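The values are calculated or read from the model by the stated rules, or taken from the named source; none is laboratory data. Because the structure is a prediction, the values reported are computed rather than measured. As a convention, Cβ positions derive from the backbone with ideal geometry for all residues, glycine included, and neighbour counts pool all protein chains shown.
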Amino acid sequence: MGERSGIYRGCLLGLAVGDAMGYTVDTKSWPEIQRDYGPNGLLGYDLVNGYAEITSYTQLAAYSANALLLGATRGQTKGKMAPFIRYVAAAQREWAMIQHTRRPPERALCWVSQVPELRRRCCMDTWMLDTLRRGDTGTPEEPQGRSATCGALTAAIPVGLFFDPERMEPQEVGRLGAEIVALTHGEPTAFLAGAVAAYCVAGLIQDPDTPLEEHCLQAADAAAAQFRREYPQAEDLRVLLHRAVAMAHENLSPQHVMERLGCDDCAKALAGAFYAALASQGDFDAAMICAVNHSGRSAAVGAVTGALLGASLGEEALPEFYMDCLEPAQALRTLADDLDQGCPLERTSRLFDDDWDRKYIQGEPVERDGWFEA
């Protein structure tokens with residue numbers, strides 16, 4: 001495995017680790033966490049039958065990655081494709097349907113629907129699930145509701161992994177990250193947080209030698225510059241994220257900072273993730289402990305923190321004890337490697353890849369309804 005592949009794997013695996021660890025305490029306040037796990041809080045997985053269970057935060061990130069690769073494959077092999085957001089929307093609807101029926105469709109669009117851990121019912125945001133099941137998805141310009149919860153934030157992260165300067169303009173990263181969150185969450189600070197998360201991961205992939213702190217600040221600034229004319233909340237988000245970065249250099253108790261940040265909606269969860277990732281100074285275990293021990297949405301903060309630090313440090317920096325019992329680790333490695341490799345097929349090429357065909361072309365019977373015609 002090369003260094004670049006390790007960065008992709010580190011991002012998705014780190015996301016799942018933070019999600020699984022935070023899930024245990026996601027609905028608890030900090031005093032309740034201390035009551036249940038001691039004065040220092042939760043210090044590792046609380047396993048269920050020997051496994052660390054992931055939630056919809058990991059599932060939605062996986063479905064987004066699958067959908068983006070499906071769209072890219074269609075473009076390269078068919079010579080035409082719809083906007084990427086339509087593939088992601090269709091994938092999320094498939095996920096929502098499976099959450100309801102508890103089984104994959106007969107003709108699934110996404111191969112991840114066949115992975116039991118990535119389809120098991122564990123939605124952390126009922127608003128999002130209901131919106132997708134109704135098909136009432138929104139856009140930044142025409143939102144469906146004003147939800148600001150954290151449910152869709154991790155779905156924007158694969159955009160940063162997917163970004164290739166030869167495939168899309170840099171500003172499209174922020175736009176697509178915002179669009180993905182806006183499918184279900186219409187509060188501007190929520191979908192703008194999606195833009196920042198996508199920008200930050202893209203920066204880490206494209207420029208791994210630049211410190212994580214600079215990528216965090218640059219991502220916040222890029223989203224504000226892109227969106228502040230239409231959404232004045234973009235400046236509020238930029239200020240919040242810069243404040244979180246600054247607090248990582250202050251001599252404060254991590255739990256005190258996380259309680260001050262709140263971490264109970266999309267923007268605040270992203271701020272908490274920025275703080276936890278930076279205050280840990282490259283220590284993944286310390287970052288996880290900081291990210292989940294507070295009264296906010298522990299699984300969301302843990303997932304985003306794990307994604308950012310995993311992309312910054314690479315898979316080799318993730319402690320083995322986190323990997324050994326992580327449910328969907330192999331499926332996430334496969335997705336990460338596919339994002340790194342990109343579609344190997346071309347319209348004019350005689351080469352054929354059975355594995356890629358199975359994962360990203362066999363879903364095409366669903367597309368014949370006209371959903372994806374460009």
| task | Just name the residue that is nearest to Thr58 (Cα to Cα) out of those in the range 81-100 that are at pLDDT 95 or above and touching a Gly at 6+ places or on another chain (Cβ under 6 Å). | result | Tyr87
| the range 156-183: number of residues that are surrounded by 24 or more Cβ atoms within 10 Å (Cβ to Cβ) and within 11 Å of Ala195 (Cα to Cα) | 13
| remark: Of the residues in the range 101-152, those that are among the β-branched types (Val, Ile, Thr) and in contact with a Gly (Cβ under 8 Å, 6 or more places away or on another chain) come to Thr131
| field | Single match in Ala267, Ala286, Ala303 (criterion: touching a Phe, Trp or Tyr at 6+ places or on another chain (Cβ under 9 Å), of a type outside the set (Asp, Glu) and over 18 Å from Gly203 (Cβ atoms)) | value | Ala303
| remark: Only one of Gln59, Gln92, Gln99 is touching a Lys or Arg at 6+ places or on another chain (Cβ under 6 Å) and crowded, with 17+ Cβ neighbours inside 10 Å, namely Gln99
| query | For the range 257-295, which residues satisfy the criterion of being of a type in the set (Gly, Ala, Ser) and crowded, with 24+ Cβ neighbours inside 10 Å? | reply | Ala267, Ala269, Ala271, Gly272, Ala273, Ala276, Ala277, Ala287, Ala291
| said: Is it the case, given these coordinates, that Arg229 is assigned to a loop (DSSP other than H, G, I, E, B) and either touching a residue at least 12 places away in the same chain (Cβ under 8 Å) or within 17 Å of the chain's Cα centre (by Cα) (or both)? | reply: no
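Table: residues versus (1) over 23 Å from Met128 (Cα atoms); (2) at pLDDT 95 or above; (3) out of contact with any helix residue (DSSP H, G or I) (no Cβ under 7 Å at 6 or more places or on another chain).
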{"residue": "Gly2", "(1), (2), (3)": "yes, no, yes"}
{"residue": "Ser5", "(1), (2), (3)": "yes, no, no"}
{"residue": "Leu12", "(1), (2), (3)": "no, yes, no"}
{"residue": "Leu15", "(1), (2), (3)": "no, yes, no"}
{"residue": "Glu32", "(1), (2), (3)": "yes, yes, yes"}
{"residue": "Asp46", "(1), (2), (3)": "yes, no, yes"}
{"residue": "Tyr63", "(1), (2), (3)": "no, yes, no"}
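Residue-wise test of (1) among the acidic types (Asp, Glu); (2) in a loop (DSSP other than H, G, I, E, B); (3) within 22 Å of Ala299 (Cα to Cα); (4) in contact (Cβ under 8 Å) with a residue 60 or more places away in the chain.
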| site | (1), (2), (3), (4) |
| --- | --- |
| Leu42 | no, yes, yes, yes |
| Ser64 | no, no, yes, yes |
| Leu69 | no, no, no, yes |
| Ala72 | no, no, no, yes |
| Thr77 | no, no, no, yes |
| Ile85 | no, no, no, yes |
| Trp95 | no, no, yes, no |
| Arg103 | no, yes, no, no |
| Arg121 | no, yes, yes, no |
| field | Options Thr189, Thr131, Thr184; residue that is among the β-branched types (Val, Ile, Thr), more than 14 Å from the chain's Cα centre (by Cα) and assigned to a loop (DSSP other than H, G, I, E, B) | value | Thr184
